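The values are calculated or read from the model by the stated rules, or taken from the named source; none is laboratory data. Please read all numbers here as calculations on a predicted model, not as lab measurements. Quick reminder, even Gly has a Cβ in these numbers, built from the backbone with ideal geometry, and neighbours come from all protein chains shown.
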Amino acid sequence: MNLQGKVALVTGGAVRLGRAIALGLAAAGARVAVHYHRSADAARETVAEARRLGAESAAFQADLSDLEEAAALARAVEGRFGRTDIIVHGASPFIRAALADTTPEIWRQVLGVLVDGFFVLARELAPGMVRRGEGAVVVILDRGTFDPWPAFLAHSVGKSALWALARNLAVELAPTVRVNGVVPGPVLAPPGYTEEDRARIAEGTLLGRWGDPQDVVDAVLFLLRADYITGEVLFVDGGERWAHRRRPEDG
Ligand SMILES: NC(=O)c1ccc[n+]([C@@H]2O[C@H](COP(=O)([O-])OP(=O)(O)OC[C@H]3O[C@@H](n4cnc5c(N)ncnc54)[C@H](OP(=O)(O)O)[C@@H]3O)[C@@H](O)[C@H]2O)c1
């Protein structure tokens, strides 16, 4: 896919990794719809930066755990840009809660954003991609997608379900729309991380260090452009998923 002039919706695009992806798409020549939930000021700033990079860009507010708001978001983006060629689904509430602390509200909020919101966006926007003969989707996952992460129960289950949904869409929407996933490792520390936390996590990767948001941006752009890749997942995690094999007994 040639990204020049394509319309890309980036959910969670106002802050942090989502912002980096939105600006990466802008720099690559795409027109960028920056979705946000609470980060209105940051969304305005991201849109301004995308415009400085020469991209057409606008911000759109929605709580993606609300099906009506997700559908309204899709309509608003289509209304503003006339089409949507790309979805990058990065929005993802990051709530630490094991079973006992996972209230039904937390469960609904996390699964709502990760799965229901994405389902509605795909349902609203994929038909246009199919009609126009081209489309690409990337979902942002993490290691909880593949390995149980009981301290983040809803998050881990939600990411797994999101990847299941993405794979189903890769099959159903082929050959017109490609659907892939990116699994970032530690690239951007959550607020409150200490130097010790950072060092421990770096040690848990094969490469012994944190990555950079740009590493993830590069992977997303690669998968959007890669016309012969669909239903695939790309780890950008410094080998974090294999680091447990680096024990002395494994030689
Ligand atoms: N940071 C990392 O190193 C890392 C590692 C692995 C995977 N990831 C993945 O990368 C993505 C971005 O992570 P991050 O750490 O950069 O961001 P983050 O700080 O966890 O931000 C959460 C994002 O989700 C959005 N969001 C939360 N609740 C929402 C709701 N109800 N409706 C719609 N949007 C909602 C937020 O929007 P507002 O701010 O506008 O409210 C924000 O954009 C996530 O999918 C995460 O799982 C990140």
### Summary
Within segment 137-167, of all residues that are within 13 Å of the chain's Cα centre (by Cα) and assigned to a strand (DSSP E or B), the one farthest from the ligand (Cβ to nearest atom) is Val137
### Pairs with Cβ under 8 Å, 6+ apart, first in segment 90-115 and under 20 Å from Trp163 (Cα atoms) and aromatic (Phe, Trp, Tyr), second more than 11 Å from the ligand (Cβ to nearest atom) and at pLDDT 95 or above
Trp107/Ala154
### Task
Go through the residues of segment 88-104 one by one and say whether even a single one is among the β-branched types (Val, Ile, Thr), closer than 16 Å to Ala14 by Cβ and within 16 Å of the chain's Cα centre (by Cα).
yes
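Here are some residues: Thr84, Thr103. Which one is exposed (fewer than 14 other Cβ atoms within 10 Å of the Cβ) and among the polar types (S, T, N, Q)?
Thr103
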### Query
What are the pairs, 6+ residues apart or on separate chains, where a residue within segment 8-27 that is in contact (Cβ under 8 Å) with a residue 24 or more places away in the chain and part of a strand (DSSP E or B) has its Cβ under 8 Å from a residue that is hydroxyl-bearing (Ser, Thr, Tyr) and more than 8 Å from the ligand (Cβ to nearest atom)?
Ala8/Thr84; Leu9/Thr84
### Task
Would you be able to say whether some residue in segment 226-237 is farther than 30 Å from Val120 by Cα and not in a helix (DSSP H, G or I)?
no
### Task
State yes or no: is Ala43 buried (at least 21 other Cβ atoms within 10 Å of the Cβ), part of a helix (DSSP H, G or I) and within 11 Å of the ligand (Cβ to nearest atom)?
yes
### Task
Among what's in segment 144-200 and is basic (Lys, Arg) and touching a residue at least 40 places away in the same chain (Cβ under 8 Å), pick the residue that is surrounded by the fewest Cβ atoms within 10 Å (Cβ to Cβ).
Arg167
### Query
Within the bounds of segment 83-95, is there any residue that is touching a Lys or Arg at 6+ places or on another chain (Cβ under 8 Å) and in a helix (DSSP H, G or I)?
no
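The rows are residues; the columns are (1) modelled with pLDDT of 95 or more; (2) near the ligand (Cβ under 10 Å from one of its atoms); (3) among the β-branched types (Val, Ile, Thr).
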site	(1), (2), (3)
Val47	yes, no, yes
Ala55	yes, no, no
Phe60	yes, no, no
Asp63	yes, yes, no
Ala100	yes, no, no
Ile106	yes, no, yes
Val110	yes, yes, yes
